[in-house]
Structure formats: structure tokens, C-alpha cells
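Trainee: One structure coming up, written as C-alpha cells, with questions to follow.
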Amino acid sequence: MATGLGSFTVTCQCRTVSTGGRRAQASGAGRHGLERIESCRRGGQTAESEHAGQGTTLSESRAVAAAKRLPVLKTHKVYVDGKFPRSESGRFDRALAPDGTPLANVCRCSRKDVRDAVTAARAAQAGWAARTAYNRGQILYRIAEMLEGRSAQFEALLAAGNATPDEAAAEVQAATDRLVHYAGWTDKYGQVFSSVNPVASSHFNFSILEPTGVVGVLAPESPLLGLVSATAPAIAGGNTTVVLVTGSQPLPAVTFGEVLNSSDVPGGVVNILTGRREEMLAPLAAHRDVDALVLCTADPDVARSAEIEAVHNLKRVAVRPHEDWTNVQSPYEIADLQEVKTTWHPIGS
Amino acid sequence: MEPHPRTAHGALRGASFESPSIDAVGVEERVARLCSRSIKKEAKLQALHLTLSMIDLTTLEGADSEGKVRQLCAKALQLHAALPDLPHVAAVCVYPALVGVAKRALEGSGIHVASVATSFPAGQAPLEIKLLEVKRAVEAGADEVDMVISRGRFLAGDYACTADEIASVKEACGDAHLKVILETGELGALDAIRRASDLAMRSGADFIKTSTGKIKPAATMPVVLVMLEAIRDHYLRTGRRIGMKPAGGIGAAKDAIRHLVMVRETLGQDWLDPDLYRFGASSLANDVLRQIVKQRSGIYQSFDDFSM
């Protein structure tokens with residue numbers, strides 16, 4: 001039982017380095033022992049900030065209870081192919097609160113994680129596109145339901161970033177409403193953007209939309225609303241996505257992966273990677289199996305260099321430079337990630 | 001009740017030799033160690049090229065037509081138009097009825113035509129019919145014959161029958177190379193796989209091959225390691241080099257490279273040659289091509305960019 005022994009050792013380390021009311025990570029293989037010890041060392045701050053964020057003041061009795069127990073610290077992983085793996089690189093970055101307080105470790109993904117995520121997205125694409133529009137709408141609505149149910153957790157995560165409690169609550173509500181918005185559009189955008197075209201021959205000529213395919217999304221700095229606003233229209237239209245979360249607040253995105261995983265979203269439809277833009281964006285933008293890019297960045301140089309990489313297979317590129325995502329919702333966001341198929345059907349004169 | 005065919009020492013009723021019993025845990029550990037090798041850059045590119053030259057491009061479907069076989073042969077002749085300097089594959093593997101089509105399409109290219117025979121994939125036919133099938137395939141121009149053993153007989157402990165069958169097929173092959181498919185997915189334990197390997201090599205096989213591709217699991221790493229060790233022991237005993245062909249389930253270039261590492265470490269450099277090692281695969285070639293282009297261009301590739 002080498003593994004059991006390893007985790008036991010790690011647990012002991014946790015108890016040694018942490019002092020009163022600290023969180024500890026007790027499970028897992030010995031291989032990750034160092035990271036886990038690291039997690040435990042900064043565990044105290046996490047516990048306090050998360051409790052504060054939830055608006056709970058520790059009463060005397062709870063403080064006593066907390067002192068008796070080592071709280072369980074969460075390992076933040078990425079979301080790929082409906083599973084929660086670590087980065088293949090084994091590396092991690094530290095998520096910090098605005099005042100520099102460490103909040104948690106998050107995976108620092110490599111280009112190989114990007115490659116694996118694209119493989120998962122490609123494998124899921126045909127099945128997702130084949131779902132009825134109505135079913136995709138149901139699933140998007142289900143995401144909204146799940147997000148609503150975990151709103152307190154997301155408010156806490158946002159408040160641990162730089163949002164006031166009111167702003168955090170407003171952002172979670174807006175993100176939930178946005179999902180409902182796109183849930184409603186899944187079986188309607190087709191009617192709006194398709195057309196029957198007059199032609200000067202004996203043909204019935206019509207144009208319909210089809211999903212572009214695999215969409216790479218560079219997620220915006222806005223940790224939840226921006227992420228949802230950029231991803232939801234892509235999947236509403238039958239695309240699958242690889243989302244790069246490179247902003248200063250990755251924790252809401254990582255947790256959003258858990259929401260997706262419990263919302264009937266098939267594995268691979270949304271893949272969320274955390275890490276550094278300069279490492280992940282170029283391989284994603286150049287990847288020949290990615291059909292479109294949504295670049296949520298206000299930096300024209302970042303957008304330009306990604307667009308240059310995107311020429312290899314003529315990707316569709318949508319740049320979204322918004323800083324405030326409050327009003328960024330429209331069926332045109334769906335149409336931007338669609339291809340138009342025109343059919344000439346012979347008819348008698 | 002019939003006694004179990006195996007005695008305490010691993011000797012077999014009806015077999016004139018003993019095969020060693022296999023330590024399954026040891027095999028798993030050895031495979032895990034070999035799979036952890038990191039092959040990158042130039043070495044990877046070299047391994048990918050070698051893999052291409054070892055592929056038996058295969059189509060074995062009920063729906064195979066002359067057109068499908070001609071298309072496959074065209075692919076064998078030119079794997080990727082953008083890379084004309086690639087090595088060609090080792091062989092094209094088809095059903096006996098389509099050997100003539102493949103032979104004509106590949107004339108003068110140096111690419112062999114392999115044919116499955118002996119009532120592939122089940123092998124449940126009378127011996128004379130199997131032998132006739134082999135003869136017809138060879139007459140039509142097959143350079144290599146892939147036969148299946150009668151797993152039912154083998155599992156029942158009728159080793160003499162299995163050995164005789166292989167020997168008569170070898171005779172029917174004439175100059176054509178004989179690959180013996182053990183269908184390891186139906187043999188169960190690694191002990192039986194080792195025994196079948198020994199039996200096939202002693203009965204005249206030029207190659208031993210894991211699977212038909214119709215049964216899962218097919219060419220898993222532990223199975224291939226056991227067969228490679230059987231080949232090594234046979235070589236040490238007789239000085240005869242037997243080839244190996246894993247088939248089925250190897251779809252990724254990465255898996256192929258792992259196989260090459262295992263071959264190199266078990267049998268040595270001599271076996272890293274299309275004459276002694278083959279991959280039976282239908283989708284492997286395109287993944288290898290994808291990796292070669294990625295290695296040369298630095299850009300991840302799409303399957304859409306490669307021909308069927």
C-alpha cells in the first residue's frame with residue numbers, strides 16, 4: 001500500500017505545518033505530496049477568506065469546532081472531456097487575492113493540454129451538433145439552474161477577487177440570466193438567420209446555418225459573466241469549445257466547470273484550461289483542428305498575433321474587446337460562429 | 001471428467017515441449033517501464049518514419065470493393081502528397097478475393113500484397129477449404145498470407161491439431177510468407193498466448209500476429225511483450241528470426257513508438273525492420289502522418305488534411 005502510506009505521510013506533514021483551524025489536504029498520491037504540503041501551508045488564508053466571502057462570521061462555538069477539525073482544502077483542476085484532470089505538465093500557478101493573499105493553486109496548462117482539449121472538443125462536436133436545438137436549449141437552461149443553486153459559492157469566489165458583495169451577487173445573477181437568454185435562442189436563431197432566396201432559375205434556393213465546429217475561446221478578464229457570455233453563444237449554436245482562462249481570477253471559471261459537469265452537458269463540449277496566455281494562445285490559434293476563435297481581449301496586439309496564427313486553416317475570428325459584459329448578449333453572437341449552407345433544389349418550372 | 005490439460009509444471013498434454021509460465025504482474029511492470037520512455041524531436045521523427053515503413057495498410061470489411069482496395073493501394077503508393085520523401089508502407093492487406101486487384105495496383109512498387117486466409121476471422125471451416133483458400137490467394141499474387149489458428153481446438157488442448165494445421169498451411173503457402181494470427185483476445189491468459197506463440201513458431205510461422213482486429217482486446221502491450229519474448233527465446237534456441245505483427249487497437253503514433261521501444265529492448269536493433277516487424281492498422285498511418293507534419297511545421301494538424 002505505497003499510495004496509502006504516501007498520503008498518510010502527507011497528512012502528517014499537514015498537521016505539522018498547519019496551526020489551529022487550518023485546512024488540510026489528506027487524500028491523493030504521494031507523488032503530489034509537495035504541492036499538497038504547499039497547499040496546506042497557505043490553507044489558513046483560504047479558509048478565512050472563503051468563510052468571509054460566504055458572509056459567515058465564525059461564532060465562538062464554530063471557532064471551537066473548527067479548531068478540532070482540519071478543514072478540507074479544494075484542489076482546483078481543469079475541465080477537459082467531462083473530467084477533471086491536472087495539467088499534463090504537473091505545473092501550477094497561485095491564484096492571488098487583490099491584496100496579494102494566496103487563494104489557491106490552479107493548473108498552469110501547457111500546449112499539450114491545449115492539444116488534448118482540442119481532441120476532446122473535436123470528438124464531441126458531431127454529437128453535440130446532432131442534438132436537437134430544443135435539447136441544447138434544455139441543457140443550457142440546466143446550466144443556469146445549477147449555477148443558480150450554487151450562487152452563494154460563486155459570490156464568495158467573486159468577492160475573494162475584487163468584487164463587493166453586491167457586485168458579486170449581480171454578476172452571478174447576470175451570468176445565470178445570460179445562460180437562460182441563450183437557452184431560449186437555440187431553437188430560434190435558425191429562423192432569424194436562415195433565408196429563402198429568390199433566384200432566376202427553376203430552383204428552390206435556401207440558406208441555413210450550421211455550426212462552425214471547434215471554437216477556441218480566449219476568456220476575458222471578467223471571471224464569470226464574461227466567461228459565460230463568450231462561451232454560451234458558441235455552444236448554443238452547436239459548436240464545442242476550448243476555453244483558455246488566463247485572467248487574474250481563474251477560480252470562478254474552474255468552479256464553473258463543475259457546474260457544467262453536473263448539467264447534462266456532454267463531456268468535451270466545453271473544455272476549460274487555466275494557465276498563461278503566452279503559452280496556450282498561439283498553439284490554440286494555430287491548431288488546424290480549431291475552426292474559429294473568440295478573442296476576448298482589449299489588447300489589439302494580442303488579437304493581431306492570434307489572428308496571424310489563425311490563417312493556417314482560415315479560422316473564423318471574432319474579437320470581443322469588451323471590459324463590461326453586462327449588455328453583451330444577442331443572437332448575432334451565435335451567428336458569428338455559424339457557417340451558411342445554401343442549397344439549390346431543382347423544382348419544375 | 002477430463003483432467004485439466006495443464007500439469008503442475010506447465011507441461012501440456014499433446015504438446016511435445018514446455019512453455020514457461022508467464023508472470024502477469026511482472027509483464028505489466030515491464031511494460032509500464034518501457035512506456036515511460038520519452039522519445040522526442042529527431043528520434044521521434046525517425047521512429048515515425050520507421051513506423052510508416054512497417055505498416056500493413058489493411059481493409060478487411062464485408063463491404064470492401066475493388067474500388068475501395070484500389071483507393072487503399074493509391075494511399076499506400078502516396079501517403080501524403082505534400083511529403084513525397086516519405087517511405088512507403090510495407091504491405092496492403094486484403095481478403096483473398098481482392099488480392100488480384102491489389103497486386104495490379106501495386107505492381108512494381110515494392111509494396112507487398114498480404115491476404116488473410118483460412119476462413120478469416122473465425123477459422124471455423126474444414127481444413128481442405130482453408131488450404132484451398134490459401135492456394136488461391138497465393139496464385140492470385142499474395143506475397144504474404146495471414147492465417148488464423150483454430151482457437152477452439154487450441155483452447156480444448158488439441159495442440160497437435162493446431163500444429164498440424166499451421167504446418168499444412170505453411171506448405172500450401174509455397175514461397176509466400178506465413179503470418180499466424182493467434183487472436184490473443186480469445187486465448188485469455190498470457191500463459192496460453194505464450195504457448196500458442198511457441199506452437200506457431202515451431203510449426204513454421206514466419207511471423208506471429210496478435211489479432212484479427214475483429215475482437216477486443218487486440219494488440220495490448222503485455223500481450224505483445226509476451227510474444228516478443230517467445231520470439232527471443234525461439235531465436236536463442238534455434239537461431240531463426242521470427243517476425244512480429246501486432247494488429248488491432250494501435251491507432252495512435254504514440255502507441256506505435258512505444259511498441260518500437262519494446263521491440264528494441266526485447267529483440268534488439270535487428271527487428272526494427274519491416275521484414276521482421278509490422279503494424280496491422282487502418283487508421284495508424286494518418287496519425288503518424290499528422291505527427292510528422294506537426295514535427296516539421298510546429299503546428300497541430302487536423303485529420304481533415306489527410307486522405308482516407
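The values are calculated or read from the model by the stated rules, or taken from the named source; none is laboratory data. The structure displayed is predicted, hence computed values, not measured ones. We place every Cβ from the backbone using ideal geometry, glycine too, and count neighbours over all the protein chains shown.
This table checks each residue for (1) closer than 30 Å to A:Asp264 by Cβ; (2) part of a loop (DSSP other than H, G, I, E, B); (3) more than 14 Å from every other protein chain (Cβ to nearest Cβ).
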| residue | (1), (2), (3) |
| --- | --- |
| A:Leu70 | no, yes, yes |
| A:His76 | yes, yes, yes |
| A:Pro85 | yes, yes, yes |
| A:Glu88 | yes, yes, no |
| A:Asp93 | no, no, yes |
| A:Pro98 | no, yes, yes |
| A:Asn105 | yes, no, yes |
| A:Val114 | yes, no, no |
| A:Ala117 | yes, no, no |
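Trainee: Testing B:Met221 on (1) in contact (Cβ under 8 Å) with a residue 24 or more places away in the chain; (2) out of contact with any Cys (no Cβ under 8 Å at 6 or more places or on another chain), one condition comes back false. Which one is that?
Mentor: B:Met221 satisfies all of (1) in contact (Cβ under 8 Å) with a residue 24 or more places away in the chain; (2) out of contact with any Cys (no Cβ under 8 Å at 6 or more places or on another chain) except (2).
Trainee: Which of the residues that make up segment B:54-96 are among the small types (Gly, Ala, Ser) and out of contact with any Leu (no Cβ under 9 Å at 6 or more places or on another chain)? Reasoning before the result, please.
Mentor: Filtering segment B:54-96 down to residues among the small types (Gly, Ala, Ser) leaves B:62-63, B:65, B:67, B:74, B:76, B:81-82, B:90-91.
Result: B:Gly62, B:Ala63, B:Gly67, B:Ala74, B:Ala81, B:Ala82.
Condition check ((1) aliphatic (A, V, I, L, M); (2) surrounded by 23 or more Cβ atoms within 10 Å (Cβ to Cβ); (3) more than 18 Å from A:Leu227 (Cβ to Cβ)) across all residues:
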site: A:Ala117; (1), (2), (3): yes, yes, no
site: A:Tyr134; (1), (2), (3): no, no, yes
site: A:Glu148; (1), (2), (3): no, no, no
site: A:Ala163; (1), (2), (3): yes, no, no
site: A:Asp166; (1), (2), (3): no, no, yes
site: A:Ala174; (1), (2), (3): yes, no, no
site: A:His181; (1), (2), (3): no, no, no
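Trainee: Same structure, new question: Being within 14 Å of chain A (Cβ to nearest Cβ) and either surrounded by 21 or more Cβ atoms within 10 Å (Cβ to Cβ) or part of a strand (DSSP E or B) (or both) is the filter here, so list the residues in segment B:250-291 that pass it.
Mentor: B:Ala253, B:Asn286, B:Asp287, B:Leu289, B:Arg290, B:Gln291
Trainee: Right, something else. Which numbered condition in (1) away from chain B (no Cβ under 14 Å); (2) out of contact with any strand residue (DSSP E or B) (no Cβ under 9 Å at 6 or more places or on another chain); (3) modelled with pLDDT of 95 or more is the only one that A:Ala318 fails?
Mentor: Unmet for A:Ala318, out of (1) away from chain B (no Cβ under 14 Å); (2) out of contact with any strand residue (DSSP E or B) (no Cβ under 9 Å at 6 or more places or on another chain); (3) modelled with pLDDT of 95 or more: (2).
Trainee: Another question, if that's okay. Among the helices (runs of 4 or more DSSP H) contained in segment B:54-171, which hold 1 or more residues that are β-branched (Val, Ile, Thr) and crowded, with 18+ Cβ neighbours inside 10 Å?
Mentor: Here the list reads B:66-77, B:99-105, B:127-139.
Trainee: Still on this structure, please answer the following. Consider A:Ser194 carefully, then state whether it is more than 19 Å from A:Ala117 (Cβ to Cβ), assigned by TED's automatic domain parsing to the domain that holds A:His181, more than 15 Å from the chain's Cα centre (by Cα) and not basic (Lys, Arg).
Mentor: yes
Trainee: With respect to A:Ser263, determine if the residue is surrounded by fewer than 16 Cβ atoms within 10 Å (Cβ to Cβ), away from chain B (no Cβ under 14 Å) and not aliphatic (A, V, I, L, M).
Mentor: no
Trainee: With without any contact (Cβ under 8 Å) to a residue 12 or more places away in the chain and either more than 14 Å from every other protein chain (Cβ to nearest Cβ) or surrounded by 13 or more Cβ atoms within 10 Å (Cβ to Cβ) (or both) as the only criterion, which of A:Asp289, A:Asp336, A:Asp299 stands out?
Mentor: The match here is A:Asp299.
Trainee: Same structure, new question: Could you grab me the full set of residues in segment B:127-158 that are out of contact with any helix residue (DSSP H, G or I) (no Cβ under 8 Å at 6 or more places or on another chain), free of Cβ contacts under 8 Å to residues at least 40 places away in the same chain and closer than 14 Å to B:Ala172 by Cβ?
Mentor: Across segment B:127-158, the qualifying residues are B:Glu128, B:Ile129, B:Leu132, B:Glu139.
Trainee: So, in segment A:285-306, exactly how many residues are in contact with a Lys or Arg (Cβ under 8 Å, 6 or more places away or on another chain) and within 23 Å of A:Ala123 (Cβ to Cβ)?
Mentor: Total satisfying the criteria: 8.
Trainee: Filter segment B:136-165 down to the residues that are of a type in the set (Lys, Arg) and over 21 Å from the mean Cα position of the chain (by Cα), then identify the one that is modelled with the lowest pLDDT.
Mentor: B:Arg153
Trainee: Next up: Here are some conditions: (1) within 14 Å of chain A (Cβ to nearest Cβ); (2) free of Cβ contacts under 8 Å to residues at least 24 places away in the same chain; (3) at negative phi. B:Gly298 meets all but one. Which one does it not meet?
Mentor: Evaluating B:Gly298 over (1) within 14 Å of chain A (Cβ to nearest Cβ); (2) free of Cβ contacts under 8 Å to residues at least 24 places away in the same chain; (3) at negative phi leaves (3) as the failure.
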